[in-house]
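Enquirer: Structure incoming, see below.
The values are calculated or read from the model by the stated rules, or taken from the named source; none is laboratory data. Remember, it's a predicted structure, so these values are computed and weren't measured experimentally. Cβ sites come from the backbone with ideal geometry, for glycine too, and all protein chains shown count toward neighbours. Side chains are part of the model used for accessible areas, which takes the heavy atoms of the whole protein and leaves out ligands, DNA and RNA. Shrake-Rupley method; radii C 1.70, N 1.55, O 1.52, S 1.80 Å.
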Amino acid sequence: MDLKRVGEQELEIRSAAKSDAEAILAHCRKAFGETDFLMTEADEFNLTIEEEEAWIERSIRTGDLILVAEVGNKVVGMLNFRRSKSKKVNHLGYFGITIQEKHCNQGLGSKMMKQFLKWADEEPGLEKICLEVFAYNQRAIHLYRQFGFQEEGCKVKHIKRKDGTYADELLMYKFVK
């Protein structure tokens, strides 16, 4: 658990619990609706509270990680990491971050990354962490590079945007051991 201040409000970054399901769903709906940087569109995000609770429980049980960032007891950011389950790639996993626009550019992404990387460094058998990011999301790419992530590849024209244009998706990685 990490307590800091954001403006006049207290920030807490902690592992998600089943009781966070409703707040996480509200956060995701808001974040998906206010940016074009995420794979999921707001109108296609239809999880129920029960499905979200099951996802959180499964993540805890299988050793994955879900961090929530709360400001004023409201979830405004989330980082989720999923370890690859197949034996040949169990040394790695993928993560993603969502932060509500109002809370961007205030260091929240960096604070979540620091806590995540500390966890990843201590996680037995985890050697490599990976992510995929839209090539036009320069703010996120800058954050990842600050934490030592490198580009590993590019999926050309992988994203088809609402206006019909295409965008590449970058694959990035970092070794933690």
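Enquirer: Along the Cα-to-Cβ line of HIS91, 7 Å from the Cα, sits a label point; which residues in the stretch 140-177 have backbone N less than 17 Å from it?
Expert: In the stretch 140-177, the label zone of HIS91 (backbone N under 17 Å from the point 7 Å along Cα→Cβ) covers 173-177.
Enquirer: What is the distance in Å between the Cα centres of the stretch 141-177 and the stretch 8-41?
Expert: First find each Cα centre; the distance between them is then 21 Å.
Enquirer: Okay, next question. So what's the projected area for the chain, the Cα convex hull averaged over all directions, in nm²?
Expert: Hull-based average projected area comes out at 10.4 nm².
Enquirer: Rounded to the nearest 0.05, what FRET efficiency do ILE60 and GLU132 give with R0 = 35 Å and r taken as the Cβ-Cβ distance? Could you check?
Expert: With a Förster radius of 35 Å, E is 0.90.
Enquirer: Right, here's the next one. Under the Karplus relation 6.51 cos²θ - 1.76 cosθ + 1.60, θ = phi - 60°, what is the ordered set of whole-Hz ³J(HN,Hα) values for the stretch 32-38, x standing for Gly and Pro?
Expert: 5, x, 10, 9, 10, 9, 10
Enquirer: GLN106 to CYS154: extension gain in nm, 0.36 nm per residue of separation minus the Cα-Cα distance?
Expert: Result for the pair: 14.4 nm of gain on full extension.
Enquirer: Each residue of the stretch 69-78 in turn: what ³J(HN,Hα) in whole Hz from Karplus with 6.51, -1.76, 1.60 and θ = phi - 60°, glycine and Pro shown as x?
Expert: After applying 6.51 cos²θ - 1.76 cosθ + 1.60, I find 10, 10, 10, x, 6, 10, 5, 10, x, 8 Hz.
Enquirer: Now a separate question. Per residue, how much accessible area does the stretch 102-170 show when a 1.4 Å probe rolls over the protein heavy atoms, in square angstrom?
Expert: With the other protein chains kept in place, the stretch 102-170 gives 57 Å² per residue.
Enquirer: Show that you can apply the helix-only estimate: for the chain, add -39,500 (n - 2.57) for every DSSP H stretch of four or more residues, divide by all residues, and state [θ] at 222 nm to the nearest 500. Mind showing how you got there, number by number?
Expert: Details: 4 runs with 52 residues, N = 177.
Mean residue ellipticity at 222 nm (helix-derived): -9500 deg cm²/dmol.
Enquirer: Rounded to the nearest 5, what is the percent of antiparallel bridges among the DSSP beta bridges in the stretch 1-151?
Expert: That works out to approximately 90 percent antiparallel.
Enquirer: Now a separate question. Tell me which lysines have Cα within less than 18 Å of LYS102's Cα, excluding those fewer than 8 residues away on the same chain?
Expert: LYS4, LYS30, LYS74, LYS111
Enquirer: Next question, about the same structure. So who's got an amide H within less than 5 Å of the one on GLU10, skipping anything under 5 residues away but keeping other chains? H placed 1.01 Å off N, in plane.
Expert: Hits under the 5 Å cutoff: GLY72.
Enquirer: Calculate one ³J(HN,Hα) per residue across the stretch 162-177 by plugging θ = phi - 60° into the Karplus curve 6.51 cos²θ - 1.76 cosθ + 1.60, and present them in order as whole Hz with x for glycine and proline.
Expert: 4, 7, x, 7, 10, 9, 7, 10, 8, 9, 10, 8, 8, 8, 9, 9
Enquirer: Can I ask one more? Explain nothing, just the number: dipole magnitude of the chain about its Cα centre with +1 on each Lys and Arg Cβ and -1 on each Asp and Glu Cβ, in debye rounded to the nearest 20.
Expert: Dipole about the Cα centre, nearest 20: 640 debye.
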